[in-house]
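Note sheet for the following structure.
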Ligand SMILES: CC(C)(COP(=O)(O)OP(=O)(O)OC[C@H]1O[C@@H](n2cnc3c(N)ncnc32)[C@H](O)[C@@H]1OP(=O)(O)O)[C@@H](O)C(=O)NCCC(=O)NCCS
């Protein structure tokens, strides 16, 4: 796929499950199952966004809105599409949705050895507040939070990431 191709973001639906399962199972050590995607895409208070080049799913990200807390549940960019800003765009999209839904804080778990993920999240002001030992079996999870994403300071940070 040419790197000049326009990439568009849109909300995912049950019609995208085949693509999600294919991308997830090809690229994740412990992939979400079809049933998990089914549940998430049909669940309440969820937002799943996909980045598409034409009809091809290149990346996706999902979130659970739990009152004032928005919890990023999954984020994956196809290996040949990385470092093109897709994860950044998806996270900005999720945060816009979170703010519209009344969220004030953002949280997620990331593998402690996932340097790419941790660097990305740092740019979004997500900082470690705890560790879940053995959360991934072979790795610990860092629990990251960004507080007050509805503040003017955070709006400024987000502007710089658009
Ligand atoms: C982590 C991941 C989502 C990043 O996706 P991406 O689309 O390549 O990220 P972006 O291009 O939007 O990067 C935005 C910024 O994040 C940081 N970043 C992303 N990948 C990085 C890497 N490999 N090393 C260091 N910093 C990185 C950089 O600051 C980058 O900005 P820059 O390219 O201008 O330097 C992708 O590598 C991936 O899908 N990994 C496997 C799944 C995963 O780890 N998911 C997240 C865990 S919850």
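Every number in this text was worked out from the coordinates using simple rules, so none of it is lab data. These figures come from a predicted structure and were not determined experimentally. For neighbour counting, all protein chains shown are included, and Cβ atoms are generated from backbone atoms with ideal geometry for every residue, glycine included.
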Of 138-146, 89-97, ordering from highest average Cβ density within 10 Å down gives 89-97, 138-146
Using only Cα positions of the chain, each an equal point scatterer, no hydration layer, compute I(q)/I(0) via Debye at q = 0.11, 0.13 Å⁻¹ and quote the log10 values to two decimals. -0.43, -0.61
Mind ranking 117-127, 152-162, 20-30 by how tightly packed they are, going by the mean number of other C-beta atoms within 10 angstrom, highest first? 117-127, 20-30, 152-162
Could you work out [θ]222 nm for the chain from helices alone, using -39500 (n - 2.57) per DSSP H run of at least four and dividing by all its residues? Round to the nearest 500 deg cm²/dmol. -9500 deg cm²/dmol
